[in-house]
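K.L.:
Have a look at this one.
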Protein chains: 2
Amino acid sequence: MAAVSAPSMLRAMNVLDLAADPAELTAALVDIESVSGAEQPIADAVEHALRTQAEHLEVRRCGNVVLARTALGRPRRVILAGHLDTVPVNDNLPSWREEGEHGTILHGLGSVDMKGGDATMLHLAATLREPRHDVTFVFYDCEEVEADRNGLGTVERELPEWLRADFAVLGEASNGVIEGGCQGTMRVEIRRAGRRAHSARAWMGSNAIHALAGPLATLAGYEPRSVEVDGLTYHEGLQAVGVTGGVAGNVVPDEAVLTVNHRFAPDRTPEQAVAHLRELFDDAELTVVDCSAPARPGLTDPVADQLVRAAGGSAVAKLGWTDVSRFAALGIPAVNFGPGDPALAHAQHEQVAMAEIRRVAEVMRQFLG
Amino acid sequence: MAAVSAPSMLRAMNVLDLAADPAELTAALVDIESVSGAEQPIADAVEHALRTQAEHLEVRRCGNVVLARTALGRPRRVILAGHLDTVPVNDNLPSWREEGEHGTILHGLGSVDMKGGDATMLHLAATLREPRHDVTFVFYDCEEVEADRNGLGTVERELPEWLRADFAVLGEASNGVIEGGCQGTMRVEIRRAGRRAHSARAWMGSNAIHALAGPLATLAGYEPRSVEVDGLTYHEGLQAVGVTGGVAGNVVPDEAVLTVNHRFAPDRTPEQAVAHLRELFDDAELTVVDCSAPARPGLTDPVADQLVRAAGGSAVAKLGWTDVSRFAALGIPAVNFGPGDPALAHAQHEQVAMAEIRRVAEVMRQFLG
């Protein structure tokens, strides 16, 4: 077996410099491929960096989740969380840079979703030794896949005490703006039955596709609510996302199914949202396919207010669904706050202004400094 | 090479006895497997039988179509036509019999569609040597498959003089009742466009599935015409037979397609029927996928009247589409008339009362005798 020198071992291990520029740290994280399910190399690198560059923290590994926390005896505790995984590589690794009007743009898979957010938190972990609140860092795996593989769930089951806090910040891309809470989302199927017949003798059957006319008219005429919750405005949505029906070109079809996605504001529980849909489509057979709960903005907490002030005083409602609602379910107010345009998440051409990463890191430092 | 005796050669050739009971002849035809594209054995048997048992006829082979005709110099000529092919075997060969309340029932593939009709015509070909009209018999292949393989089309292209006549009877199953003409049938696609967007930001898109609400309401409220043509009543139909749309569970879809089958009475041309649909769905993008022309009943011809009288004086409108319209397109009035319930065509349990076959043969003999 050949001897391996210490420096090359470190290189093989993806050494991260946490104290340096968080935008450079983002590029280093992007260059460690970490598609969901294959996060070990990035988790190893993060764990190693925290153990060697943030000795003031208690570090813990749990599968491919890396946890770290202060124990300063502060009255309040804040969780800073970010997932380490990405969607599959799409000819967008390694990272590359481009000089633009607004400075250097960093391109590459995960630059937006969400290694910029991870970098700001890792930078803070190593450089802010005396935060005003105790802080728990959670870098987790499998956010981009089925909910039951999500690393936050692993921690919830195996190390629940690591998820106790008064407030949480999820570093998902939010254009560097604080996004409060998130809407709930559910998919339902509206199934109409009919009676099959030859289309030349249609009066002997009953057309299930025709029976979708009512539900579709309801959808087309639906006026979604705009709801203010804790000072933020949420725009609900009710959209058909799929429709199927038909047996053959000469057969009156006996079944048709409309799939509808409902986005609902955090003033309603999932149960209330389902009840609303059942009222809307009263005579149809309605099945809930899946449902993720909404989260209230979490801005009523004084710790949240400190973050909003550090960020310049404003916050907006989160449109999509994120893991913020997992914290809400644990009773922890939570917000999204991270660099990058969320509209570019999962796009091949993910890119983020390196200056925005630095600005977000600076806001976080003001918030906790 | 082993010597083969004449009788066993004949057996190998499926010898048909045309002069015997047409119901027995039906069973013999059923037992010669003849799925579309593999009609050679049955065409060989039919050709051989006509050449040896109906020497008064001029017999002609054209691919797997067998033609035969009288040349008695009568002022009028009638075509009797039947296809020799069947849909694929479905564990329903060879034929078998069952004694029922109304006599013997013959079971097996093709017993309804349409070897009963073929048998009545073959029986007539061999036994009616002096018909009152000249008669052309057409036994053809590939009716159950794509229209451009249909044996009638082959004859039309290669031996057009064999399709000159004043009236045609197609022996397709009609419960032994004369069915006049046939409705046209067309399939159209109604395509609605939208603009794709994330369903959490639905206001940035335009939902193509929602845009089907209008066309579906039109379909659900449509009152199809009942039209009298030459004394027969045709019931039109307008039925959605398929619907598709949807990109993903969280995407506002940008396209949805409704497929509609229109059955239209023979008082309209295909062009008029399309114009009607364009008027009905005025603002939608409408594409005609396929269209088969209708055929008027053909009962205005005095020869047709003789057949109706021989059959007991009544006729009904044909619901489905048959090759009758091919004759109509050639300017030949045509009707369907054959033993068996058309609702059993293509069903695994095809079956026909043997007495009904004999009755239809008797009506045909009275008509032409």
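Read-outs: derived from the displayed coordinates by stated rules, not from any lab. This one's a predicted model, so the numbers in the text were calculated from it and none came from an experiment. Here Cβ is always computed from backbone atoms with ideal geometry, including for glycine, and neighbour counts include all displayed protein chains.
K.L.:
Name the GluC sites (Glu not before Pro) in the stretch A:23-104 that are in a loop by DSSP and that have at most 14 other C-beta atoms within 10 Å, would you?
P.N.:
A:E55, A:E101
K.L.:
³J(HN,Hα) across the stretch B:17-31 via Karplus (A = 6.51, B = -1.76, C = 1.60, θ = phi - 60°), whole Hz, x for Gly/Pro?
P.N.:
9, 6, 7, 6, 3, x, 6, 5, 4, 4, 4, 5, 5, 4, 6
K.L.:
With everything on Cα atoms, drop me the angle between helix B:115-127 and the longest principal axis of chain B, reported from 0 to 90° to the nearest 10.
P.N.:
Compared with the principal axis, the helix lies near 30 degrees.
K.L.:
In addition: Where Lys and Arg each count +1 and Asp and Glu each count -1, what net charge lies around B:R296 among other residues with Cβ under 10 Å from its Cβ?
P.N.:
Every neighbour counted, the sum reads -2.
K.L.:
Could you pull out the trypsin sites (Lys or Arg not before Pro) across the stretch A:59-97 that fall in loop regions by DSSP (anything but H, G, I, E, B) with no more than 13 other Cβ atoms inside 10 Å?
P.N.:
Nothing satisfies the criteria.
K.L.:
With everything on Cα atoms, drop me the angle between helix A:354-368 and the longest principal axis of chain A, reported from 0 to 90° to the nearest 10.
P.N.:
Around 80 degrees separate the two axes.
K.L.:
Can I ask one more? Two decimals, Cα atoms only, Kirkwood Rh: what is Rg/Rh over the stretch A:112-175?
P.N.:
Answer for the stretch A:112-175: 0.97.
K.L.:
Something else: Quick one: check the C-alpha center-to-center distance for the stretch A:119-153 versus the stretch B:190-209, whole angstrom.
P.N.:
Their Cα centres are 36 Å away from one another.
K.L.:
With the crude spin-label approximation of a point 7 Å out along Cα→Cβ, what separation in nm comes out for B:A329 versus B:Y222?
P.N.:
Taking the two extended label points, one gets 2.3 nm.
K.L.:
Let me ask something else about it. Mind checking the log10 I(q)/I(0) for chain A at q = 0.08 Å⁻¹? Debye, one equal scatterer per Cα, no solvent, two decimals.
P.N.:
Reported log10 I(q)/I(0), two decimals: -0.47.
K.L.:
Please list, ordered by chain and number, the residues whose modelled amide H lies under 5 Å from the amide H of B:V241; skip anything fewer than 5 residues away on the same chain.
P.N.:
B:T259, B:V260, B:N261
K.L.:
Right, another one. Using helices alone, what [θ] at 222 nm do you get for the protein assembly as shown, with -39,500 (n - 2.57) per DSSP H run of 4 or more residues, divided over all residues and rounded to the nearest 500?
P.N.:
About -8000 deg cm²/dmol.
K.L.:
Treating the stretch B:58-108 as a set of equal point scatterers at the Cα positions, no solvent, please give the Debye-formula log₁₀ I(q)/I(0) at q = 0.28 Å⁻¹.
P.N.:
-1.12
K.L.:
Here is a further query. Could you pull out every residue, at least 5 positions away or on a different chain, whose amide H is within less than 5 Å of the one on B:T104? Hs are placed 1.01 Å off N in the peptide plane, and Pro or chain starts have none.
P.N.:
For B:T104, whose amide H was placed from the backbone, the distant partners under 5 Å are B:M354, B:A355.
K.L.:
Using the Karplus curve 6.51 cos²θ - 1.76 cosθ + 1.60 with θ = phi - 60°, what ³J(HN,Hα) values do you get for each residue of the stretch A:248-257, in whole Hz, with x for Gly and Pro?
P.N.:
These are the phi-based 3J(HN,Hα) values: 7, x, 10, 10, 5, x, 9, 8, 8, 10 Hz.
K.L.:
How high is the relative contact order of the stretch B:64-110, given as a whole-number percent (alpha carbon pairs under 8 Å, six or more residues apart)?
P.N.:
27 percent
K.L.:
So if I average 1/r over every pair of distinct C-alpha atoms in the stretch A:169-310 and take the inverse, what Kirkwood radius in Å does that give?
P.N.:
Hydrodynamic radius (Kirkwood, Cα pairs) of the stretch A:169-310 is 17.5 Å.
K.L.:
Still on this structure, I have one more. Put the label 7 Å from Cα along Cα→Cβ for B:L159; what are its distances to the other copies, in nanometres, shortest first?
P.N.:
The projected label point of B:L159 is separated from its counterparts by 8.8 nm.
K.L.:
Distance between Cα centroids, the stretch A:255-320 to the stretch B:219-278: provide it in whole Å.
P.N.:
39 Å
K.L.:
Follow-up. Tell me, what is the FRET efficiency for B:T287 and B:D31 to the nearest 0.05, using R0 = 51 angstrom and their Cβ-Cβ distance as r?
P.N.:
0.70
K.L.:
Further question on the same structure: State, as an integer percentage, the relative contact order of the stretch A:91-130 based on alpha-carbon contacts under 8 Å between residues 6 or more apart.
P.N.:
28 percent
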